[in-house]
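The values are calculated or read from the model by the stated rules, or taken from the named source; none is laboratory data. In this text, all values refer to a predicted model and were calculated from it rather than measured experimentally. Cβ placement follows ideal geometry from the backbone for every residue including glycine, while neighbour counts extend to all protein chains displayed. Side chains are part of the model used for accessible areas, which takes the heavy atoms of the whole protein and leaves out ligands, DNA and RNA. Shrake-Rupley method; radii C 1.70, N 1.55, O 1.52, S 1.80 Å.
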Amino acid sequence: MSRSARPSRRALLAAAPLAAAAAPALAAEVLPAGALKGRTVLITGASSGFGRLTALHLASLGAHVIASMRNLQGGRRPEAVSLKAEAADLPGRLDLVEIDVVRPDQVISGVAAAERLAGGGLDVLVSNAGIGLSGPLELHDEAAMEAEFQTNLLGGLRMARAVLPGMRSRKAGLILPVSSQLGRIVMPNMGGYCSGKWGLEAAFEAMAYELAPLGVEVTIVQPGGYPTRIWETGAKAVEAMIARNEPERVRAYAQHIAITRASMTAPRRSDPMDVAHAIAALIALPAGDRPLRRPVHPDTSVTTAVNKALSDVQDRVLSRGPYAAWRAAVSG
């Protein structure tokens, strides 16, 4: 297909509501065997959830996946052992590196190790590591806020900063920060999580413009609610946070806490493989054809509407002046 005949990023974004209408069969974005052969992908937060599913799915499509997680224990961590075993018979290759995104030293050493395993630069970063912590903001003490922003915002920026020199030197690369539909809308009792994801959205949209003339692309992945371990670990973190608060504060927010607990344990029937399929499809797209954002969920109507409204505002702000070409490269 000629470059002029390929759909633009704007067209891909416009088609998102149609994709949502076909839900829940989002796994229709199936790629042929070997579709990602020759691609080298670093994934953070690969011990469970979207990260683990994406690592295995990309390896099944022939990619060289470098899966990272905290506390690797020299490769003996049970999640690492099982991930390697499950990937052993896949057509791609899967290696492991240790990266805790809240530790700058591990980000630097882990990315360097990944680049050595790749035999050079990385093609793709899937910046997936994150935590889910909810509850009224007054109950978010220093420890809670530190954990949320260090992981959900600063961790992603550290990873991008570490991989970018190699990508820029080749004038090629793709960064896929995993955000959330709560990076575009606001829910009570989710203020801390929303704040980190809104910050992630802003930072990586700015980075998308800044990298446009340098040959590196950014697509922000926006999952809705899916049944992954983030809810289980988040529920434990919420209880620990509540326990650290003064009894008066806890009593004042009794209703909020009850709603929070119910939301953390509510059943979610969507298939988290939707996210792995969407990430694979984004990697497979030709450079220049990837959208700035990719909502993923059986119902993306709200996220798509917000994306469209804010995209129109960005057009008005950036369509003239020194950033017009960068905006056009990212949005059209």
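Cross-link pairs exceeding 32 Å in C-alpha to C-alpha distance, out of Lys84/Lys236; Lys236/Lys308; Lys171/Lys236; Lys37/Lys308; Lys84/Lys308, comprise Lys236/Lys308; Lys171/Lys236; Lys37/Lys308; Lys84/Lys308.
What is the Rg over Rh value, at two decimals, for the chain, using alpha-carbon atoms and the Kirkwood definition of Rh?
Values: Rg = 19.6 Å, Rh = 20.4 Å.
Reported Rg/Rh (Cα atoms, Kirkwood Rh): 0.96.
Packing here is the average count of other Cβ atoms within 10 Å per residue, and on that basis the peptides 314-324, 104-114, highest first, run 104-114, 314-324. A cut-off under 12 angstrom between Cβ atoms defines the neighbours of Lys37, and their net charge, with Lys, Arg +1 and Asp, Glu -1, is +1. Extending 7 Å from the Cα toward the beta-carbon at both Trp326 and Leu214 defines two label points whose distance is 1.0 nm. Going toward the positive end of the dipole of the chain, with +1 on Lys and Arg Cβ and -1 on Asp and Glu Cβ, which of Gly166, Pro322, Leu42 do you reach last? Sorting the options by dipole projection puts first Pro322. If R0 equals 35 Å, the separation of the Cβ atoms of Ala202 and Val81 corresponds to a calculated FRET efficiency of about 0.40.
For segment 152-297, the percent of C-alpha pairs falling in each 10 Å distance bin, counted from 0 to the bin holding the largest distance, reads 10, 34, 31, 17, 7, 1. Between amide H atoms placed 1.01 Å from N, distances below 5 Å from Arg290 occur with no residue 5 or more places distant or on a separate chain.
Any chance you could run the full-extension gain for Lys37 through Glu232? It's 0.36 nm times the residue separation minus the Cα-Cα distance, nm to one decimal. Could the numbers behind the result be given before it?
Values: separation 195, 0.36 × 195 = 70.20 nm, distance 3.45 nm.
Roughly 66.8 nm would be gained on extension.
Backbone geometry of segment 148-154 corresponds, through the Karplus equation with coefficients 6.51, -1.76 and 1.60 at θ = phi - 60°, to 3J(HN,Hα) couplings of 5, 6, 5, 7, 7, 10, 5 Hz, x marking Gly and Pro.
Give the peptides 70-83, 282-295, 35-48 in descending order of average Cβ contacts within 10 Å, highest first.
Working: 70-83: 14.6, 282-295: 19.6, 35-48: 22.7.
Most protected by this proxy first, the peptides run 35-48, 282-295, 70-83.
Amide H neighbours of Val296 under 5 Å, at least 5 residues apart or on other chains, H built in the peptide plane: list them. For Val296, whose amide H was placed from the backbone, the distant partners under 5 Å are Gln222, Gly224. Each other residue within a Cβ distance under 13 Å of Val186 adds +1 if Lys or Arg and -1 if Asp or Glu, for a net charge of +1.
With contacts taken as Cα pairs under 8 Å and at least 6 residues apart, segment 197-298 reaches a relative contact order of 46 percent. Surface exposure of the chain, expressed per residue as accessible area with a 1.4 Å probe, stands at 45 Å². The apolar share of the surface of the chain, taken as the fraction of accessible area on carbon and sulfur atoms (1.4 Å probe, ligands and nucleic acids excluded), comes to 60 percent. Across segment 266-332, Cα pairs under 8 Å and at least six residues apart give a relative contact order of 30 percent.
Placing a pseudo-label 7 Å from each Cα along the Cα-to-Cβ vector at Ala88 and Ala305 gives an inter-label distance of 5.1 nm. Between Gly130 and any residue 5 or more places off or on another chain, the built amide H atoms are never under 5 Å apart.
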